[in-house]
Structure formats: C-alpha cells, structure tokens
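Below you'll find the structure, written out as structure tokens, and then a few comments.
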Amino acid sequence: MNFSLTEEQLAVKEAAREFAQKELKPGVIERDSKMEFPKEQVRAMGELGFLGIMVDPKYGGSGMDTMSYVLAMEEISKVDNSCSVTMSVNNSLVCWGIETFGTEEQKQKYLPKLATGEWIGSFCLSEPEAGSDATMQRTTAVDMGDHYLLNGTKNWITSGGSSSVHLVIAQTNPEKKHRGINAFIVETSWDGVVVGAKEDKLGIRSSDTHTIMYTDVKVPKENRIGEDGFGFKFAMKTLSGGRIGIASQALGIAGGAYELALAYSKEREAFGKPISQHQAIAFKLAKMATDIEAAKMMVYRAAWLKDNGMDYSQASAMAKLYASEVAMKHTVEAVQIHGGYGFVKEYHVERLMRDAKITQIYEGTSEVQQIVISRGVLKGDVYLPVGEN
C-alpha cells in the first residue's frame, strides 16, 4: 500500500493550511459570535481555486483529484468550519452533481461561475418532514409542458442566504414514490424564491443556514438534471461523495483540536512541569493521535476509491461515521486538557467542540450511515475477512 502524497497534493495541503492559519483564523471568533457570513474569505477561497477544486479546468475549475480536495478541506476545517462547509457543499454536492450528471449546456452555464466563487451553490433536499427519510418529499414540481411549477419548503440549507444556485429535489409523480422525484437547477433570482430567517445554531454559526420557500417558481425543462424520475438516485449518488467532504471536515476538526491541545499541554505547567509530562494528559494525547490517525486512513481511503473509479459508497459512510465520532469525542478532550481556558472562546477549542456535533448530523446522520453500512454488510458488499466456512 502506498501512503505517499504527490507533490501537487502536498502543495494543495500547504496552501490550504497557510490560508486557514493566516487568513481565516484572525477573525474566526468574531464571525462565529456575530453569525457573520465570511463573504471575503469565501471569495478568497474561490480565487485560490478551492470552491471548484475537482471541476474540469474547461469549466473554470482546478481539475484536481478527490484526495487534494480532502487535504484542503482538512486544513481549512482545523480553523473555520463555516468556510469549510461552504466549500464542501459547493464542491461535493453542487459542482460535482452538475458536472457528473448535468447536460453540456448546464455545465457551460453554471460551472464556471460556481467553480470560481462568483456564485455559490446550495443543495436543497431536507424538508420539515423529510430529513433522514429523503423519499418523503413534499416539495412538488408539476410538469406544465415547457416548464415545471415548483412549490414547497426546504430546511437547513447551507449558504441559503448567499447562494445564487439551488439544486432542488422535488416530487413530480407522487404515484411513483421515490421513482417520481426529480432534481432541478434553480436560480435564486427567479420569481417565487423566498429566503427565510437565518438559523441561530450551536456551531458553524457564521455559515448561512436558512429555510427556503418556493412558490410557483417556473423552472425551465432544460434545468432538470437527468431523465424524468432520476432525482432520488441523483441525491443519493451525490450524497455519497458529499460524505467524503464532511468526513474530511470532521477529520480537520479533530486534528485542529488535537494541535491546539498538544501545544497548550507543552506550555501549561502544573506541579512543577508541563502538563504534557503528566501521564493523565499524555495518555489523552496518545488516544487522540491514534483515533485521528485511524480516521485519516478511512477518509483518505474513501477519497482514493473515488479517484480510482471504484465503489466508495460504503467507505464514505464508514469514514463519515467514524471521523464524526472522533471529532466529537476529542474536541471534548481538547477542552478538558485546556481546563478552564478551554471553556472560553479565546482558545478556539470550545468552538471546535460546538462545530463537531453537526458532522454527526448533516449529509446523513450517524444512524443513517449505520443503516447504509449494515445493508452493505448483510449483502456482502463490505469485505470482512472472517475466515472460510
């Protein structure tokens, strides 16, 4: 097994780390406290190529692989997860969805603006009554001949107040159930698109999360993605890749908390020596490092499978499940290592702890990941060497 990274991948990782530490970290606490969307920072990410990192250069993207994307996500997530979730949705869901399943006309029209950050994209699947069960779509898209008439409400939409393009999942033929669902490219400037109030969240507080209402929105036929009834399959295939993005975000959160805890433990003294020299703290750091390394291997493997054209659905579910658990567990430990200082905003770890929780919820909850994984196990899709019968 080859665990080395290419020079290009290492360069991306270093560029993302430098950007995160120099450009994102200075104002991240204030943006989080004020729930202030990082407009300038997101624009800078677009200029650096991070918002279209996997998009073909002929559509304005960076043309890099999934591993490069994961490495960049990991470094940015160590510092500002409101920026990294914007990057994740724009890359994994919106750009990838359009480039993989869209028509050439759709790619030419939308990808150049999305890949460069001129426009930001949102993925609109969740509804008040359709969260983990994505088959229960109440948003409707009635076929009117030359266009669809879109009506409904979408919840928890990342970049909902700042995006120019929505990928909307809606029901066209209720009698066909999930086979009657379609996916549409909707521009937010169109009549009938209404953005609700910004959500006041536990974590990723400067990320733009809104409820979106669609009232008699006319969607041209050419803005449907794929054949009639392809929408549910489109959402599931897109989310499989999206889970790699969120798994890398969780990995970054855990890694960022670990780096802060390690540095603090070497500076803080108790009973005449740095607290890192006390076994109670040293063992915490050892466990953190081990779990993060294990999560890293799972996330990198999922990215490798995707880059090599192999089935990554199980690997991405496993990576997200485990990495999000590691992020939640070890951000709590990072706060503990900081003691009272960990409980205040200045030391960053309390924010990372708050940010970690959402990685167990969005892009499919941990419970949904276990459903995906268990189905694979029972079908024999997950290789587990248990010996011969």
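The values are calculated or read from the model by the stated rules, or taken from the named source; none is laboratory data. Remember, predicted model here, so these are calculated numbers, not experimental data. As a convention, Cβ positions derive from the backbone with ideal geometry for all residues, glycine included, and neighbour counts pool all protein chains shown. To get the accessible areas, we keep the full protein, side chains included, count just its heavy atoms, and leave off ligands, DNA and RNA. Shrake-Rupley method; radii C 1.70, N 1.55, O 1.52, S 1.80 Å.
Going by the structure shown, is Lys218 within 19 Å of the chain's Cα centre (by Cα) and either among the basic types (Lys, Arg) or open to solvent by 60 Å² or more (accessible area, probe 1.4 Å) (or both)? Considered against the rule, which asks whether it is within 19 Å of the chain's Cα centre (by Cα) and either among the basic types (Lys, Arg) or open to solvent by 60 Å² or more (accessible area, probe 1.4 Å) (or both), Lys218 comes out as no. In the range 123-167, how many are within 19 Å of Lys221 (Cβ to Cβ), open to solvent by 10 Å² or more (accessible area, probe 1.4 Å) and either outside any strand (DSSP E or B) or not aliphatic (A, V, I, L, M) (or both)? Selection size over the range 123-167: 8. Entry remark, the range 222-237: residues being open to solvent by less than 60 Å² (accessible area, probe 1.4 Å) and within 15 Å of Val142 (Cβ to Cβ) number 4 in total. Annotation note: of Leu285, Leu378, the sole residue that is without any contact (Cβ under 8 Å) to a residue 12 or more places away in the chain, surrounded by fewer than 22 Cβ atoms within 10 Å (Cβ to Cβ) and either aliphatic (A, V, I, L, M) or over 30 Å from Met64 (Cβ atoms) (or both) is Leu378.
The residue pairs whose first member lies in the range 247-259 and is assigned to a helix (DSSP H, G or I), whose second member is surrounded by fewer than 24 Cβ atoms within 10 Å (Cβ to Cβ) and of a type in the set (Asp, Glu), and whose beta carbons are closer than 8 Å, counting only pairs six or more residues apart or on different chains, are Ala254/Asp291; Ala257/Glu333. When Met87, Met67, Met73 are checked against the criterion of being open to solvent by 10 Å² or more (accessible area, probe 1.4 Å), in contact with a Leu (Cβ under 9 Å, 6 or more places away or on another chain) and either at pLDDT 95 or above or part of a helix (DSSP H, G or I) (or both), a single residue qualifies: Met67.
Look at Tyr148 and say whether it is in contact with a strand residue (DSSP E or B) (Cβ under 7 Å, 6 or more places away or on another chain) and within 18 Å of Gly229 (Cβ to Cβ). Criteria met by Tyr148.
Pairing each residue of the range 38-57 that is more than 12 Å from Leu111 (Cα to Cα) and charged (D, E, K, R) with any residue that is open to solvent by less than 40 Å² (accessible area, probe 1.4 Å) and assigned to a loop (DSSP other than H, G, I, E, B), provided the two are 6+ apart or on different chains, yields C-beta distances under 8 Å for Lys39/Ser162; Arg43/Gly117; Glu47/Gly117.
So is Thr290 over 14 Å from Ala247 (Cα atoms), at pLDDT 95 or above and surrounded by fewer than 24 Cβ atoms within 10 Å (Cβ to Cβ) or not? In short, yes. Scanning the range 238-266 for residues that are surrounded by fewer than 20 Cβ atoms within 10 Å (Cβ to Cβ) and either touching a strand residue (DSSP E or B) at 6+ places or on another chain (Cβ under 7 Å) or modelled with pLDDT under 95 (or both) yields a single hit, Lys266.
In the range 307-316 there is at least one residue matching the filter, namely being in a helix (DSSP H, G or I), modelled with pLDDT of 95 or more and open to solvent by 50 Å² or more (accessible area, probe 1.4 Å).
Rundown of residues vs (1) hydrophobic (A, V, I, L, M, F, W, C); (2) under 14 Å from Phe123 (Cβ atoms); (3) out of contact with any His (no Cβ under 6 Å at 6 or more places or on another chain), yes/no style:
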site: Ser163; (1), (2), (3): no, yes, yes
site: Thr172; (1), (2), (3): no, no, yes
site: Lys177; (1), (2), (3): no, no, yes
site: Asn182; (1), (2), (3): no, no, yes
site: Val186; (1), (2), (3): yes, yes, no
site: Val195; (1), (2), (3): yes, no, no
site: Asp200; (1), (2), (3): no, no, yes
